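*Asks:* Before I ask anything, let me first share the structure, which is written out below as structure tokens.
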Amino acid sequence: MFTGIVEELGHVVSVEQLADDSARLVVSGPVVTGDARHGDSIAVNGVCLTVVDLGAGSFSADVMAETLKRSSLGALSAGDRVNLERPMAADGRFGGHIVQGHVDGRGIIRGRRRSANWEVVEVDLPADLARFVVPKGSITVDGVSLTVVDVVDGAQPWFSVSLIPTTLADTTLGTKDVGDPVNLEVDVIAKYVERLVGERR
């Protein structure tokens, strides 16, 4: 389990496309690989990946076709910056919210409004995820735990989040442009509630 508190801005060393529509990523991240072992999990832009090999401050992970289709990892190339997080230790601080690293879909940045010390980012989200996103609720955007500011329903639903200077400087969200895709993971508690209420009905 993760909490959506990015530990490190890493970068993609290489992307190898494999014959079965999967890919192997090599990612540089000295902090997250400091105590990593084969088989450990590391979240890359919010996607939980399994370490298959370790290098000097880097790790490689295989990404299957379903993950490439559902997330934005398929668009990565060498040199791209990525948000990295190790799973939360049992005795660690719970800084964000419950994040599984299981991406529910891709959003598209639709707008940015800058001010002196913070920035509002608006994100289009898939219509089937809109019911899980509520004002003041939690959402994970490219692996970053954020609080939803507003939600706008309609033919193309979208939500907004406010980013503080630390988030802008220490995550990829500071450099994302309008039109860029982002990985979205909605609150898993909301999904369980919907399932349980639906069964009772």
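The values are calculated or read from the model by the stated rules, or taken from the named source; none is laboratory data. Worth saying up front: this structure is predicted, and the values here are computed from it rather than measured. Because the Cβ atoms are built from the backbone with ideal geometry, glycine has one as well, and the counts that use them run over all protein chains shown.
*Asks:* Kindly establish whether V134 is in contact with a helix residue (DSSP H, G or I) (Cβ under 9 Å, 6 or more places away or on another chain), in a strand (DSSP E or B), among the aliphatic types (A, V, I, L, M) and outside the structural domain of V47 (by TED's automatic domain parsing).
*Replies:* Judged against the criteria, V134 is not a match.
*Asks:* Return the total of residues in segment 1-54 being under 18 Å from D91 (Cα atoms) and either of a type in the set (S, T, Y) or in contact with a His (Cβ under 9 Å, 6 or more places away or on another chain) (or both).
*Replies:* Summing the residues that are under 18 Å from D91 (Cα atoms) and either of a type in the set (S, T, Y) or in contact with a His (Cβ under 9 Å, 6 or more places away or on another chain) (or both) in segment 1-54 gives 3.
*Asks:* Among the residues of segment 110-149, which ones are surrounded by 14 or more Cβ atoms within 10 Å (Cβ to Cβ), among the small types (G, A, S) and in contact with a Pro (Cβ under 8 Å, 6 or more places away or on another chain)?
*Replies:* A130
*Asks:* Which of the residues that make up segment 38-58 are over 20 Å from V144 (Cβ atoms) and in contact with a strand residue (DSSP E or B) (Cβ under 7 Å, 6 or more places away or on another chain)?
*Replies:* Result: H38, G39, D40, T50, V51, V52, D53, G57, S58.
*Asks:* For V188, state whether it is of a type outside the set (D, E) and over 25 Å from K69 (Cβ atoms).
*Replies:* For V188, the condition - of a type outside the set (D, E) and over 25 Å from K69 (Cβ atoms) - is not met.
*Asks:* Now a separate question. Check V188, V141, V152 and return the single one that is at pLDDT 95 or above, within 19 Å of E85 (Cα to Cα) and either β-branched (V, I, T) or in contact with a Cys (Cβ under 6 Å, 6 or more places away or on another chain) (or both).
*Replies:* None of the other options fit; the residue is V141.
*Asks:* Here is a list of conditions, (1) over 30 Å from E194 (Cα atoms); (2) in contact with a Lys or Arg (Cβ under 9 Å, 6 or more places away or on another chain), and E122 meets all of them except one; can you say which number that is?
*Replies:* Condition (1) is where E122 drops out.
*Asks:* Consider V144 carefully, then state whether it is touching a Gly at 6+ places or on another chain (Cβ under 7 Å), among the hydrophobic types (A, V, I, L, M, F, W, C) and either under 16 Å from T3 (Cβ atoms) or without any contact (Cβ under 8 Å) to a residue 12 or more places away in the chain (or both).
*Replies:* It is true that V144 is touching a Gly at 6+ places or on another chain (Cβ under 7 Å), among the hydrophobic types (A, V, I, L, M, F, W, C) and either under 16 Å from T3 (Cβ atoms) or without any contact (Cβ under 8 Å) to a residue 12 or more places away in the chain (or both).
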